[in-house]
Amino acid sequence: MIRVIVADDHHLVRQGICALLDKAPDMEVVGEAEDGMAALELVRRTPPDILVLDLAMPRMNGIQTIERVQALGGRTRVVVLSMYSDETLVRQAIRSGAAGYLLKRSVTEELLLAIRAATRGETYLSPSVSRVLVEAVRQEGTGHKGQVLLDRLTPRERQVLQLVAEGCSNGEIGNTLGVSKKTVEKHRGNLVAKLGVKDLASLIRIALKQGVIFLEE
């Protein structure tokens, strides 16, 4: 039996995914999460075979969650289910360790195929996502300056960037991450220095462009 955790911040979407998986004779939903932090905690407590994960989630986005799951070193493999087919996001997800990437309109039998492929140790990309990557390879050569900037950040700095861009105050960020306001201020200073920006608007633009935060679905 393939044990699956479903993480998506939209309750109705989670319900739909779970209903589909419950019908599969070889799959069992063992947990649900509404954000990346909750998903990571579930994976720690009840390691599944597969984590079906949305990218656009509050507090800790999908890319960061994939990286944290990989750092646990367990058997859990991640299948991304997103409404975004942007080439930068697909690359980030695969590079972070995702074993599959599908669009949300693929919440059909294709999701079951992706989960089974990931369980076998394979990587599954939906055809539409594959086409995006192929086209990007053809047009490569322009560089990825934004991603190079993000690569300079530590995992904690990326998390602070997401929370800042979501409009959280230093106190709220400190409470979420379990650190002091002084530590948050230090991380914000590092963000400004490493990303070469001077104001919040510039931080938000970078966060949106590089998939750290997402416009409301």
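From Asp8, Asp49, Asp26, which residue is of a type in the set (D, E, K, R), within 23 Å of Gln162 (Cβ to Cβ) and either at pLDDT 95 or above or buried (at least 16 other Cβ atoms within 10 Å of the Cβ) (or both)?
Asp8
What's the number of the condition Glu157 fails, among (1) out of contact with any Ser or Thr (no Cβ under 9 Å at 6 or more places or on another chain); (2) part of a helix (DSSP H, G or I); (3) over 22 Å from Ser96 (Cα atoms)?
(3)
Filter region 105-119 down to residues that are more than 16 Å from Leu51 (Cβ to Cβ) and open to solvent by 40 Å² or more (accessible area, probe 1.4 Å), then give me how many there are.
4
I'd like the full set of residues that are open to solvent by 30 Å² or more (accessible area, probe 1.4 Å) and in contact (Cβ under 8 Å) with a residue 40 or more places away in the chain, limited to region 89-104. First the steps, then the outcome.
Here is the first cut: in region 89-104, the residues open to solvent by 30 Å² or more (accessible area, probe 1.4 Å) are 91, 94-95, 104.
Arg91, Lys104, listed by residue number.
The values are calculated or read from the model by the stated rules, or taken from the named source; none is laboratory data. Please read these numbers as outputs of a predicted model, since none were measured by experiment. Quick reminder, even Gly has a Cβ in these numbers, built from the backbone with ideal geometry, and neighbours come from all protein chains shown. Calculation scope for accessible area: heavy atoms of the full protein, side chains included, ligands and nucleic acids excluded. Shrake-Rupley method; radii C 1.70, N 1.55, O 1.52, S 1.80 Å.
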